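The values are calculated or read from the model by the stated rules, or taken from the named source; none is laboratory data. As the structure is a computational prediction, the values presented were derived from the model and not from experiment. In this analysis, Cβ positions are derived from the backbone assuming ideal geometry, glycine residues included, and neighbour counts consider all displayed protein chains. Quick note on the areas: whole protein, heavy atoms, side chains included, nothing else; ligands and nucleic acids left out. Shrake-Rupley method; radii C 1.70, N 1.55, O 1.52, S 1.80 Å.
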Amino acid sequence: MIRSDSGSRFIAHNVSDYIHLVGFEQEFTHVETPEENEHIEVYNGILKKERYSTVLIIIYLRK
């Protein structure tokens, strides 16, 4: 089972066809309910913080 939001990249026919071709099913989360995909939301939050920290370090080192 592959769970994703209803973003255009996930509802595209090519993606949907491929998911079914390789033997998976696709499930979509409801709109405005990040708690349905909380592990990914937490991971995305960590990535954003890390990226922000990296940018701050680069800016600091350039001074």
The chain - percent of accessible surface contributed by carbon and sulfur, probe 1.4 Å | 60 percent
If we count GluC sites (Glu not before Pro) as exposed when they sit in a DSSP loop and have at most 14 other beta carbons within 10 Å, what is the longest stretch of the chain that avoids them all?
-> 33-63
Accessible area per residue, 1.4 Å probe, Å², for the chain: what's the number?
-> 92 Å²
With Cα atoms, 0 to 90° folded angle of helix 38-62 axis to the chain main axis = 30 degrees
Scan [x] 51, 24, 18; [y] 38, 21, 19; [z] 29, 21, 21 for the value of Cα extents along the principal axes in Å calculated from this model and give just the label.
-> [x]
In order through segment 21-33: 3J(HN,Hα) via Karplus (6.51 cos²θ - 1.76 cosθ + 1.60), integer Hz, x for Gly, Pro | 4, 8, x, 9, 9, 10, 10, 10, 6, 6, 4, 6, 9
Around ILE2, which amide H atoms from residues at least 5 apart in sequence, or from another chain, sit under 5 Å from its own amide H, with H modelled in the peptide plane?
-> GLU25, GLN26, GLU27
